[in-house]
């Protein structure tokens with residue numbers, strides 16, 4: 001048992017011991033060591049180091065749930081968080097179907113973890129950022145390059161009054177690179193991003209070169225709005241798949257009735273060859289062993305051979321739906337608990353095409369590197385709106401022919417993925433800055449994607 005694990009579980013035991021006799025509760029300690037290294041205008045700037053610890057206590061008193069948090073881990077801080085959680089529970093609504101806290105004290109088997117990534121020094125992060133920056137500048141000397149490297153670890157310790165006591169860690173490195181030519185008319189840009197649990201597997205220089213390769217060398221042309229065959233780069237495809245996890249597999253959306261898949265469970269909704277899974281323990285994601293309620297992560301089918309499977313749940317939504325928790329509990333404190341349980345380590349399977357092959361198979365279409373400023377229009381119909389950004393191109397007769405000005409889309413995820421024709425076998429990990437939500441996705445070719453307006457840039 002590591003020092004972090006022993007100290008964390010001891011603190012949680014002390015917190016639960018401070019409860020009144022007979023009280024039911026779960027407690028979690030989350031913490032991490034993170035480094036953020038930004039770069040812009042040809043130099044590294046704004047390095048940021050963070051060391052955090054947050055104690056969260058959720059009390060179940062007469063089926064009333066109250067949660068309080070603190071960063072004060074002294075005995076006085078523990079007493080105060082207990083007092084606050086009990087006070088909040090006393091005025092909370094009754095959660096009649098709350099199933100109680102799960103038992104189990106054995107830690108699940110460890111998941112893939114890189115100690116070197118978790119302890120990456122600022123100097124090492126600086127070298128990674130410099131590799132991306134220098135590679136992009138070498139490709140386009142007169143460009144403006146910006147981006148970020150985030151690296152570190154998070155641990156989760158969970159204990160409850162039913163005897164559960166578990167600990168898990170995850171390591172992550174995440175980077176994005178933006179290459180711009182602001183003097184062009186209109187300005188043009190290219191983007192690349194990626195993430196991994198092992199810093200040795202993230203090639204920052206390759207990200208810099210890839211972002212530079214997506215910068216237009218001629219002035220972008222306009223194209224009329226309408227439906228097109230579209231090749232979604234991995235970043236763009238991961239955006240749709242990630243939103244499908246929220247809009248289609250969110251336990252709250254299922255029990256409240258707004259899920260876009262609420263009436264489609266057990267039916268073929270997407271192509272038969274498409275499978276989307278959530279696999280929290282897989283090294284193909286940014287793995288972690290347990291959720292924030294201490295439940296062991298496991299492989300969960302979301303779309304299985306095109307068929308929509310059940311929504312994911314935490315303790316509260318599982319009780320309301322009359323099922324067992326699937327191990328997708330998020331921290332119960334706001335704002336996380338308000339999102340509801342969602343799949344957080346999603347992976348698209350079933351494809352075997354290379355991006356070059358998908359381009360060759362497209363007689364007329366559009367290549368989209370990534371989306372920007374995506375927002376939900378209609379959750380029940382999985383409709384999103386947003387913009388293309390940082391590398392949008394025309395495809396004609398199997399070749400990428402010219403850059404295009406950006407387009408606004410308003411499209412249903414289910415309609416777009418339902419028209420998917422080809423996608424890759426290998427997928428890159430696309431993650432938020434700390435690996436809390438990851439989509440492993442290749443590029444994907446869809447036969448129909450709706451663009452509703454064009455832009456001047």
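The numbers here are math on the coordinates, done by the rules we state, and not lab data. Here the structure is a predicted model, which means the values were calculated and not measured. Cβ placement follows ideal geometry from the backbone for every residue including glycine, while neighbour counts extend to all protein chains displayed.
Per-structure values
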item	result
Centre separation in Å (Cα based) which lies between segment 224-261 and segment 322-349	16 Å
Efficiency of FRET between residue 272 and residue 119 - r from beta-carbon atoms, R0 41 angstrom, step 0.05	0.35
Sorted by Cβ neighbour density within 10 Å, fewest at the top, the residues 315, 29	29, 315
The chain: antiparallel DSSP beta bridges as a percent of all, rounded to 5	95 percent
For segment 226-454, share of DSSP beta bridges that run antiparallel, in % to the nearest 5	85 percent
Computed FRET value (nearest 0.05) for residue 53 with residue 396, which takes r as the C-beta separation and R₀ as 56 Å	0.50
Calculated P(r) of segment 346-413 - Cα pairs past 18 Å, %	53 percent
Theoretical gain in end-to-end length, residue 455 to residue 71 [0.36 nm per residue, Cα-Cα removed]	133.6 nm
Least to most buried among 137, 48 (fewest other Cβ within 10 Å first)	48, 137
Order of 405, 119 - criterion: other Cβ atoms within 10 Å of each residue's Cβ, fewest first	119, 405
Cα centroid separation - segment 47-101 against segment 355-409, whole Å	44 Å
The chain, helix-only ellipticity at 222 nm - DSSP H runs n ≥ 4, -39,500 (n - 2.57), divided by all residues, nearest 500	-7000 deg cm²/dmol
Taking N as its residue count, the alpha carbon Rg of segment 226-454 over 2.2 N^0.38 Å	1.00
